[in-house]
């Protein structure tokens with residue numbers, strides 16, 4: 001049944017998968033709307049609504065906990081059984097800056113964070129039908145500190161883009177969530193991972209989290225070791241910890257706090 005006084009029709013038990021390099025999710029069903037997030041190849045979603053003309057579909061992405069609108073041309077449906085299987089079984093996740101697969105004489109280019117589901121029911125049969133170039137890791141195996149920093153280093157100089165989740169544009173918050181997800185640590189939007197630690201105990205791979213309480217704004221910095229951090233400043237860049245601290249405290253509101261968290265044991 002259509003929602004009263006709305007052009008949005010709810011859907012249930014509908015699921016899909018991203019089968020393009022990058023899939024934008026918009027705040028409203030129009031191309032001039034704000035970008036909420038982006039899905040990478042192989043990421044799955046629930047389809048929860050559509051416009052009355054069936055030109056746009058609202059989807060929910062379990063991995064980020066975000067929802068937005070995609071065009072009907074971008075919708076790639078999968079059975080419910082496949083959706084839940086992909087959520088609850090291991091998969092290979094792309095780690096190289098650019099990877100490619102060959103399927104039915106077509107080259108598909110993949111970005112870091114893209115997923116490959118090795119299933120007989122899926123688009124691909126890893127053993128027989130894919131010519132793959134690039135590097136992947138098993139998502140179920142959590143990266144150690146050195147591996148996490150290696151993953152993060154691939155995104156250095158990625159420009160800022162609100163809602164972005166790729167080398168071509170990274171959101172200030174979602175970018176760090178993506179890095180940790182590639183490393184095997186599930187991190188949904190709005191969550192804070194790990195445990196608080198004393199700043200004097202920080203190790204490479206730990207996070208500094210700066211919270212401006214009045215503006216409800218958060219900034220992250222990944223500690224790399226040797227007093228260096230990775231953070232977003234129009235682009236993802238490396239600087240000395242002291243420089244980052246000077247910048248954030250000079251731009252703070254009247255109520256702010258800085259905490260340190262350890263995510264990797």
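Taking only Cα atoms and a 10 Å spring cutoff, compute GNM fluctuations for the chain and point out the largest among 227, 214, 245.
Taking springs between Cα atoms under 10 Å, the residue moving most is 214.
Testing the spin-label approximation: label points 7 Å from Cα along Cα→Cβ at residue 27 and residue 84. State their distance in nm.
3.5 nm
Would you kindly compute the Cα radius of gyration of segment 145-262 and its largest Cα-Cα separation (Dmax), both in Å?
For segment 145-262, the Cα-based Rg and Dmax read 13.2, 37 Å.
Over segment 8-81, what portion of Cα pair distances is larger than 14 Å, expressed as a whole percent?
In whole percent, the share of Cα-Cα pairs in segment 8-81 beyond 14 Å is 53.
Semi-axes of segment 221-265's equivalent ellipsoid from the Cα gyration tensor, sqrt of 5 times each eigenvalue, largest first, rounded to whole Å? Before the final figure, lay out the partial values.
Working: eigenvalues 68, 44, 19 Å².
Value: 18, 15, 10 Å, ordered largest first.
Which values of log₁₀ I(q)/I(0), to two decimal places, follow from the Debye formula for the chain at q = 0.07, 0.08 Å⁻¹ with a uniform point scatterer at every Cα?
With one equal scatterer per Cα and no solvent, log10 I(q)/I(0) is -0.27, -0.35.
Cα centroid distance between segment 35-84 and segment 195-246, in Å?
So the separation of the two Cα centres works out to 33 Å.
Report, in deg cm²/dmol and to the nearest 500, the calculated mean residue ellipticity at 222 nm for the chain, where each DSSP H run with n ≥ 4 adds -39500 (n - 2.57) and the sum is divided by the residue count.
The per-residue figure over the chain is -4000 deg cm²/dmol.
Which angle from 0 to 90°, rounded to the nearest 10, does the C-alpha axis of helix 241-250 make with the longest principal axis of the chain?
Relative to the chain, helix 241-250 is tipped by roughly 80 degrees.
When you count, for each residue, the other Cβ atoms within 10 Å and take the mean per peptide, how do 158-165, 41-48, 9-16 rank with the highest first?
Listed from highest to lowest mean packing, they are 41-48, 158-165, 9-16.
Say each of residue 233 and residue 251 gets a label point 7 Å from the Cα, pointing the same way as Cα to Cβ; how far apart are those two points in nm?
Result: 0.9 nm between the two label points.
Grab the Cα-Cα distance for residue 13 and residue 243, subtract it from 0.36 nm times how many residues apart they are, and report the gain in nm with one decimal.
So the extension gain works out to 77.8 nm.
Starting with the highest mean, order 150-156, 218-224 by the number of other Cβ atoms within 10 Å, averaged over the residues of each peptide.
My ranking of the peptides, most packed first, is 218-224, 150-156.
Only the coordinates and a few stated rules stand behind these numbers; no lab work does. Since the model is a prediction, treat every value here as computed from it, not as a measurement. Every residue, glycine as well, gets a Cβ built from its backbone with ideal geometry; the counts of neighbours run over all protein chains shown.
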